Amino acid sequence: MKSTASGREGDTSIWLHNKLGTSNDTWVGGSICSQYNLEVLGNIRECFVYLQPQVKLKLLLSFFHIPCRNADEWHSELKEILELGRMDSDPWVAMVAEIMLPFPSTGSLSEEFNASESSGQIFHLLLKDLRKIIHDAPDGGILTPLESRFLNPNALNELYGPCEQPTAHFKLKRKPKAAALRAELLNKSIEAANQIRKH
Amino acid sequence: IKLISDAGFQGEITSVSTASQQIEVFSRILKTFIKNVVSSSREDQINSLKEYAKMVCHGQHTFVYTATLLHLLEAEGVKLPLVTRLFQEITSVAVQQGHDVAPILMALVRTGTDAFEGNSQTRASQVLSAMLSKKALNPADITTLHKLYSSDDPPPIHLIRIPQFLDLLVDALFKPGMKINPEHKPKYISLLAYAASVVETRKDGEKSLKQDELKPTSQAIERAHNVCAGNKTSAELLAELSSLYHYLRFPVVAAGITRWVSGVVTEPSYFKLSVEQTPIHLVLLDEVVLVHHILHEDVFTLLQNLFEVELEDLEILVQLDLKKMIIDRMVNLVSRGYVIPVLKYMANICQKEKTDYSLVRYFVREILEMVAPPFSKEFMENFSPLIENENITGSMRAAAASSSSSSTSTTAAVVPASSS
C-alpha cells in the first residue's frame, strides 16, 4: 500500500514540476486548478516539502484561481498545504504562504504577521520603512488615484480631500485662440439648435 | 547579489529577475524604487512610477507581497492618494502585461474588518472578479451589480470604483463601435453614475450615503452617450454643442467624451474627410481642458499622437495647417495650467528636429502673445531653450528691431531673465 501511495506522490511531484517548474516566471494562470480535487490535493500535501521552491511558489499562487465553490469544499486541504508552506525553508515560499493563510477559509489575506517568525520580521521591517517613506513624502503632487478622473468633486473630496490646483507659471495677458472659437461656436450652436426646432 | 545589497548598493542591482529571488534583496530594492517615486520631480514622477510598477510585476509573488504591504498602508490612511496610486499602478501594469489579478484584488478587498460587509459584498466581488478576469462586461453580471447597488443596503462603493471596472464601463458607453443591448443600457449608466457621484461616509462603523447628485449625473451620462452613439454629422453635433458643454461639467462625462473623441479622430480617414478649420470633436477637447484639469494629461497624450501622425495623402500646406490647429489646442492646455509637459514636449521635438521649425515658431509666438510676467522659474527654464534657439526666434528678433510689438517685448522679458 505504502509503495502505491509513494508512487502517486512521485507522479504528482513530476506532474507539478512539468506544469509549474519549467520557467522562471512566477505568474500562474488558472488552468491547473481544473485538475485539482481532494485526492490530488492530498497527494500534493504529501509531496509538498520535496518540491522545488519555484514549483511550491506557483502552486500556492495558483490557489487564487480556484473557483469559490471548490475553495469552500477543499478549504482544509488547501490550508494544510499553506501551513506546510509557512514552515518552508525558502523565505519567499514561507512569506507567500503566510500572506495566503486565511484565503481558503475567508477569501481574504493576512493582516497580522507573527513577528517571531523570520517572514514576519522581514514583513514588519519593510512595512515600517515604507510607512516612514510615505509619511515623509511631500504633500500633493501629480500622483492622483486613477479613479479620480471619473468622480464628481464632492465624492472625490470625501475620499481624498480637496483637489490640488495647477501651479501658476505666468499671468494671462490674452486668452488663447480657443477661447474666441468657443464663443463663436457656442453662438452658432444656439442658432443651429433653434433652426432644428423650427423645422 | 545579497552581498551587493547588504553593502547598500541597491542601484547597482540591475537584474530584477535575480533580485526578486531573494526576499531581503527585493525588499530593499522595493524601498529604493518607492523612494525614487516620492522624491522625483513632478516631470520625472510618472517615469519613476512606471519603473517601480514594472519591477514589482516581475513575478506574482513580488506582486502579492507588495500589494499586501500597500493594502495595509492604505488602511492606515496616511497620504492615501499616493499609497492608492502606488497600489493601482502595479495592478494596472500587471493587467497590461496580460495577468489576471482580479482574484488577488478581491482577496484584498475582503481583507480588513471594516471592508467586509457580508453577503452583498461577497456577491458583488464575485461578479466583479469574473468581469475583471475576462476584461469584459456582460449583461447578467451588470444586472446583478445593479440590483445590489439599488437595494436598501448596497455593497461598499469602493468595489465599483476599481479603475479597471470604471474603464470598462466608460468604454462600453462611449468608445466608438461598442454595442450595448438597449434593454440593459440603463443599468450600465446607473452603475457608472453611482460610482461617480454617490458620497459614502462612515462614522463609528455606520455607513451613510448621499445620493443628491446621482440623478443629474445619470441623466448627463445618458444624454451625452446618446449624442456620442448617434453617428451625428458635424452640423448636428454643432447644434448639440451647448448641451454637450453642460453635460461635460460632470467629470465622468468629460472622461467619456475624451475617450469618444479619441476613438473618432484617430480613425485614419478623419482628417481627410474633415472640412472645418477646427473639427468640432477637437473643440470639445478644449472644453474638457477648460473644466477638468485632472484630464489634462489624457488630452495631451491624444494631442501628441495627433501631432505626430503622418498624413501623407494630404498636401503639405494642409498638413501644416492641421498641425497648427493641434498646436492651438496645446496652447489652450498651457493657458489652463498644463504648462511644463507641453513646453518640454515642444523643446524635445525641436531639438530632435522631428518637426518643421515654422510650427515651433508658431507655438512660441502664440505663447508669447498670451503670457505676461511674473514667470515661474520652471517656466523660464523650460521655455528658454525655444526662445534662445536662433532657428525659432531669429526672424522674430529681426522683426523686433523694426517694431515693438507686444510679443517681442515679452520675448525680451523672458530671455534676459532666463539667461541670468
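The values are calculated or read from the model by the stated rules, or taken from the named source; none is laboratory data. None of these values were measured; they are calculated from a predicted model. Here the Cβ positions follow ideal geometry from the backbone for every residue, glycine too, while neighbour counts run over all protein chains shown. Each accessible area value is taken on the protein alone, full model and side chains, heavy atoms only, with ligands, DNA and RNA left out. Shrake-Rupley method; radii C 1.70, N 1.55, O 1.52, S 1.80 Å.
For B:Val78, indicate whether it is open to solvent by less than 10 Å² (accessible area, probe 1.4 Å), within 7 Å of another protein chain (Cβ to nearest Cβ) and more than 27 Å from A:Pro53 (Cα to Cα).
Numbers: open to solvent by less than 10 Å² (accessible area, probe 1.4 Å): no; within 7 Å of another protein chain (Cβ to nearest Cβ): yes; more than 27 Å from A:Pro53 (Cα to Cα): yes.
So B:Val78 does not fit the description; no.
The set of residues in the stretch B:282-299 that are surrounded by fewer than 19 Cβ atoms within 10 Å (Cβ to Cβ) and either within 14 Å of B:Ile326 (Cβ to Cβ) or over 8 Å from the mean Cα position of the chain (by Cα) (or both) comprises B:Leu290, B:Val291, B:His293. Only residues that are away from chain A (no Cβ under 14 Å) and either surrounded by 21 or more Cβ atoms within 10 Å (Cβ to Cβ) or among the acidic types (Asp, Glu) (or both) were counted across the stretch B:324-358, and they come to 4.
Across the stretch B:127-185, the qualifying residues are those that are part of a helix (DSSP H, G or I) and of a type in the set (S, T, N, Q), and the one among them that is most open to solvent (accessible area, probe 1.4 Å) is B:Ser150.
Here the condition is being within 21 Å of B:Thr84 (Cα to Cα) and among the acidic types (Asp, Glu); of B:Asp212, B:Asp167, B:Asp204, it holds for B:Asp167 alone. For B:Ser151, the test of being among the small types (Gly, Ala, Ser), more than 25 Å from B:Val261 (Cβ to Cβ) and at pLDDT below 95 is passed.
For A:Leu186, the conditions (1) facing another protein chain (nearest Cβ under 7 Å); (2) open to solvent by 80 Å² or more (accessible area, probe 1.4 Å); (3) closer than 23 Å to B:Leu333 by Cα all hold with the exception of (2).
Taking B:Val95 as the residue in question, decide whether it is over 18 Å from B:Leu191 (Cβ atoms), assigned to a helix (DSSP H, G or I) and more than 9 Å from chain A (Cβ to nearest Cβ). Spelling it out, B:Val95 is indeed over 18 Å from B:Leu191 (Cβ atoms), assigned to a helix (DSSP H, G or I) and more than 9 Å from chain A (Cβ to nearest Cβ).
I'm trying to understand the selection: among the residues of the stretch A:109-128, which are within 8 Å of chain B (Cβ to nearest Cβ), modelled with pLDDT of 90 or more and open to solvent by 50 Å² or more (accessible area, probe 1.4 Å)? Answer for the stretch A:109-128, where residues must be within 8 Å of chain B (Cβ to nearest Cβ), modelled with pLDDT of 90 or more and open to solvent by 50 Å² or more (accessible area, probe 1.4 Å): just A:Leu125.
Within the stretch B:245-255, restricting attention to residues that are open to solvent by less than 20 Å² (accessible area, probe 1.4 Å) and at the interface with chain A (Cβ under 9 Å from one of its Cβ atoms), the residue that is modelled with the lowest pLDDT is B:Tyr245.
Regarding A:Met87, is this residue under 20 Å from the mean Cα position of the chain (by Cα) and either closer than 21 Å to A:Glu117 by Cα or within 13 Å of another protein chain (Cβ to nearest Cβ) (or both)?
On the way: under 20 Å from the mean Cα position of the chain (by Cα): no; either closer than 21 Å to A:Glu117 by Cα or within 13 Å of another protein chain (Cβ to nearest Cβ) (or both): yes.
Considered against the rule, which asks whether it is under 20 Å from the mean Cα position of the chain (by Cα) and either closer than 21 Å to A:Glu117 by Cα or within 13 Å of another protein chain (Cβ to nearest Cβ) (or both), A:Met87 comes out as no.
For the stretch A:59-91, taking the residues that are in contact with a Phe, Trp or Tyr (Cβ under 8 Å, 6 or more places away or on another chain) and not in a helix (DSSP H, G or I), the one that is surrounded by the fewest Cβ atoms within 10 Å (Cβ to Cβ) is identified as A:Trp74.
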